[in-house]
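Enquirer: The structure under discussion is supplied below as structure tokens; questions concerning it will follow.
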Amino acid sequence: MFDLFKKLMPFFLEHKQRYGWAIFMMMIGNGLVLIPPFIIGKVIDGIYLNRLTSGALGKLTVGFIFSVVVSYGIEIFWGYQLFGGRNVLTRQLRKQLMKHFLNMRAVFYEKFRTGDLMARATNDLDAISEMAGYGIMITMDSTAFLSFILATMFFSVSWKLTLACILPLPLLGYLLKRLGDKVHVRYKASQDAFAEINDEVLEAVEGVRVVRAYVQEESMMNEFNRKTEEVLQKNIAVAKINSMFQPLIKILLGISYVLAFGFGARLVSQGEITLGRLVSFQVYLSMLVWPIQSIGELINLLQQGNASMDRVSEVLRAGDNMGKAGTREMTANESVHFDDLVFRYPASKSINLNHVDITIPEGTTLGIVGKTGSGKTTFIRQLLLEYPSGSGNVTIGSFPIEELEQNQLYSKIGYVPQDHILFSRSIRENIAFGKLAASENEVMEAVRLASFEEDLSRMPEGLDTLIGERGVALSGGQKQRISIARALLKKPAILILDDPLSAVDARTEQQIIRNIQTARKDKTTIITTHRLSSVYHAQQIIVLENGRIIEKGTHHELIEKDGWYKEQFLRQRLKEEGEKNEDD
């Protein structure tokens, strides 16, 4: 049950001064809290025995006020230290998780869904960090403070009365342990259900336009209601266990009160203790309520924290199976070579790239075409190190790509993905994402190369226009061109364009292609596309089918062959001519 403390011990040791002072001052404060009941007993005995003088009453009053004021000040001090530590732990865990998220590649994100990761980074972290503040407090209350009170009752009042009143405590401890074990299981189940509903909400919000277009609002709502009901029932299951803690504690404490009154009255009548001491004992007994209740709180908190720690640790332990990062440096913009590469996705049953062998000389353009699902995106993912490599090699210059220092490799690659990820920021910030120090002229040059100037002139605030979450305020073509501008601004040694012009018209497409040719005539460019017009200019074009290269050559060489490329070229040219005639 106390495994969570062991797991958090490195944090406590790192901040030992903060927690050392907090615990030390808490113990002093707990000791001072025990003084007022002792003084009350003295005053009652003095009055009852007619021995209380005005001088003695004044000293006792000063002592009472002093202990209350000082304990109040001490509580402020240790409260600041403890609950400040909780916030520090939350920050550290969030930074650790975020760093892990940013370092992971595709395999990791295939295992964990986004909503699940969000739940672990919020609710679970809150449950863990509670132990660094509130958890330490109730641990001290349920151990040190409880011990202080029992020792005071034992030595300053009556050991017989104390032993009689704590008889129910062992039974209480056993029952609380049994309930705590059930809390752990049920709380973990409730957190898993919460993660699922997070995913449901995220998918519904991101796909709201598709949901409406297919009139699936009611279906989505029914599914959401079902999962909400599941979360509710699992949280109720946790609440049922939690609700048993306090009544159980109150019942057993009630037994202690009965024993205290009955047996205490007998001891007073026999002259073994005074009336004042019995009153003090009753006050001390009432002070036991919170420390004993805090045992239940502690067990509950530990079990919930343990369940959450297991979930967070599962994420932190999970890697992306990419192996050890490389350390070699890229000394120049060198050629890229695929040497008999065979690759299969971890979840795939068939081979996705089959004996791919091709060299991309430095400063040339490679066009990659083929049917949907032929392996075009899979091909370029090998250069992005998104998945563990298969057999064969991908080399840049003289070294396998896995041996290159990753940050340096990525700094030399510009990437425009199919889904065109944009951020909820301004157009300027999205374009300058890979080069934050870019000047106004550099940004505008990238805008010109991406043929986005006319669209930008219609934006209400130009480059400073906010585009909404994931570019919701933009068309598909505008998103594509902003993504292209972002990659071109970086001026990378290797530019990878994954079907980047599918949402723009033919005229804009040709303008962007000409701009890229001019701006990157001495640099390597790789383009995957369904439109053959995007790769006419390429020095080398490959046709993929089922992950295998079935044709290779320049545009003119492939036209001379009676293959898929020529057939597709003729179809697309007829379509373009038909559209042109319709426009005329």
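Enquirer: Check whether at least one residue in region 124-136 is hydrophobic (A, V, I, L, M, F, W, C), buried (at least 17 other Cβ atoms within 10 Å of the Cβ) and farther than 30 Å from SER313 by Cβ, and report yes or no.
Expert: Checked region 124-136: no residue is hydrophobic (A, V, I, L, M, F, W, C), buried (at least 17 other Cβ atoms within 10 Å of the Cβ) and farther than 30 Å from SER313 by Cβ.
Enquirer: Still on this structure: Do the conditions hold for LYS566, that is, is it assigned by TED's automatic domain parsing to the domain that holds GLU362, modelled with pLDDT under 90 and over 19 Å from ALA506 (Cβ atoms)?
Expert: no
Enquirer: Follow-up question, since we're still on this one. Any residue in region 383-404 that's more than 8 Å from LEU341 (Cβ to Cβ): show its pairings with residues that are of a type outside the set (Gly, Ala, Ser) and in a strand (DSSP E or B) at Cβ separation under 6 Å, as long as the two are six or more apart or on different chains.
Expert: THR395/HIS337; ILE396/VAL336; PHE399/ARG328; PRO400/ASN393; ILE401/VAL394; GLU403/ARG328; LEU404/ARG328
Enquirer: To continue, here is another question. Could you identify the single residue in LEU488, LEU466 that is touching a strand residue (DSSP E or B) at 6+ places or on another chain (Cβ under 8 Å) and surrounded by fewer than 19 Cβ atoms within 10 Å (Cβ to Cβ)?
Expert: When all the criteria are applied, what remains is LEU466.
Enquirer: Okay, next question. Please go through (1) more than 21 Å from THR524 (Cβ to Cβ); (2) assigned by TED's automatic domain parsing to the domain that holds ILE527 for LEU463 and return the number of the only condition it doesn't satisfy.
Expert: (2) is the only condition that LEU463 fails.
Enquirer: Any idea how many residues of region 434-452 are surrounded by fewer than 12 Cβ atoms within 10 Å (Cβ to Cβ) and charged (D, E, K, R)?
Expert: 1
Enquirer: Tell me, which helices (runs of 4 or more DSSP H) lie completely within region 147-243 with 1 or more residues that are β-branched (Val, Ile, Thr) and within 17 Å of GLN303 (Cβ to Cβ)?
Expert: Filter on region 147-243 gives 169-206.
Enquirer: Go through (1) out of contact with any Phe, Trp or Tyr (no Cβ under 6 Å at 6 or more places or on another chain); (2) not in a helix (DSSP H, G or I) one by one and return the number of the condition ILE484 breaks.
Expert: Every condition holds for ILE484 apart from (2).
Enquirer: While we're here: Mind checking which residues of region 257-269 are modelled with pLDDT of 80 or more and not β-branched (Val, Ile, Thr)?
Expert: Those that are modelled with pLDDT of 80 or more and not β-branched (Val, Ile, Thr): LEU259, ALA260, PHE261, GLY262, PHE263, GLY264, ALA265, ARG266, LEU267, SER269.
Enquirer: Oh, and also: Confirm whether LEU495 is of a type outside the set (Phe, Trp, Tyr) and part of a strand (DSSP E or B).
Expert: Yes: the conditions hold for LEU495.
Enquirer: Conditions: (1) modelled with pLDDT under 80; (2) surrounded by fewer than 16 Cβ atoms within 10 Å (Cβ to Cβ). GLY254 meets all but one. Number of the miss?
Expert: GLY254 satisfies all of (1) modelled with pLDDT under 80; (2) surrounded by fewer than 16 Cβ atoms within 10 Å (Cβ to Cβ) except (1).
Enquirer: If you take the residues of region 182-198 that are over 15 Å from THR114 (Cα atoms) and not basic (Lys, Arg), which of them is surrounded by the fewest Cβ atoms within 10 Å (Cβ to Cβ)?
Expert: This residue is VAL185.
Enquirer: Here's a check for you: in region 189-228, which residue that is under 25 Å from the mean Cα position of the chain (by Cα) and among the hydroxyl-bearing types (Ser, Thr, Tyr) is farthest from ALA307 (Cα to Cα)?
Expert: In this case the residue turns out to be THR228.
Enquirer: Return yes when LEU558 is surrounded by 15 or more Cβ atoms within 10 Å (Cβ to Cβ), touching a Lys or Arg at 6+ places or on another chain (Cβ under 7 Å) and not acidic (Asp, Glu) and no when it is not.
Expert: Criteria met by LEU558.
Enquirer: Could you list, in sequence order, the residues of region 69-95 that are under 21 Å from LYS16 (Cα atoms), aromatic (Phe, Trp, Tyr) and loosely packed, with under 14 Cβ neighbours inside 10 Å?
Expert: Passing the criteria: only TYR80.
Enquirer: Need a quick list: helices (runs of 4 or more DSSP H) entirely within region 1-68 having at least 1 residues that are surrounded by fewer than 13 Cβ atoms within 10 Å (Cβ to Cβ) and not aliphatic (A, V, I, L, M).
Expert: Ranges flagged: 3-14, 16-33.
Enquirer: In region 392-439, how many are of a type in the set (S, T, N, Q) and in contact with a Pro (Cβ under 9 Å, 6 or more places away or on another chain)?
Expert: Count: 3.
Enquirer: Looking at region 498-583, what helices (runs of 4 or more DSSP H) fall wholly within it and have at least 1 residues that are under 23 Å from ILE413 (Cα atoms) and free of Cβ contacts under 8 Å to residues at least 60 places away in the same chain?
Expert: Where helices (runs of 4 or more DSSP H) fall fully within region 498-583 and carry at least 1 residues being under 23 Å from ILE413 (Cα atoms) and free of Cβ contacts under 8 Å to residues at least 60 places away in the same chain, they are 506-519.
Enquirer: Still on this structure, I have one more. If we scan region 363-381, do we find a residue that is farther than 17 Å from THR529 by Cβ and either out of contact with any Ser or Thr (no Cβ under 7 Å at 6 or more places or on another chain) or of a type outside the set (Gly, Ala, Ser) (or both)?
Expert: The answer is no, given that none of the residues of region 363-381 is farther than 17 Å from THR529 by Cβ and either out of contact with any Ser or Thr (no Cβ under 7 Å at 6 or more places or on another chain) or of a type outside the set (Gly, Ala, Ser) (or both).
Enquirer: Kindly check whether there is at least one residue in region 75-90 that is more than 30 Å from ARG120 (Cα to Cα) and in contact with a helix residue (DSSP H, G or I) (Cβ under 6 Å, 6 or more places away or on another chain).
Expert: Yes: region 75-90 contains one or more residues that are more than 30 Å from ARG120 (Cα to Cα) and in contact with a helix residue (DSSP H, G or I) (Cβ under 6 Å, 6 or more places away or on another chain).
Enquirer: Next question. Can you go through LYS42, LYS95, LYS6 and tell me which one is under 25 Å from ILE299 (Cα atoms) and either in contact (Cβ under 8 Å) with a residue 24 or more places away in the chain or not aliphatic (A, V, I, L, M) (or both)?
Expert: On inspection, the qualifying residue turns out to be LYS6.
The values are calculated or read from the model by the stated rules, or taken from the named source; none is laboratory data. Bear in mind the structure is a predicted one, so any value in this text is a computation, not a measurement. Every residue, glycine among them, receives a Cβ derived from its backbone with ideal geometry; neighbour counts consider all protein chains shown.
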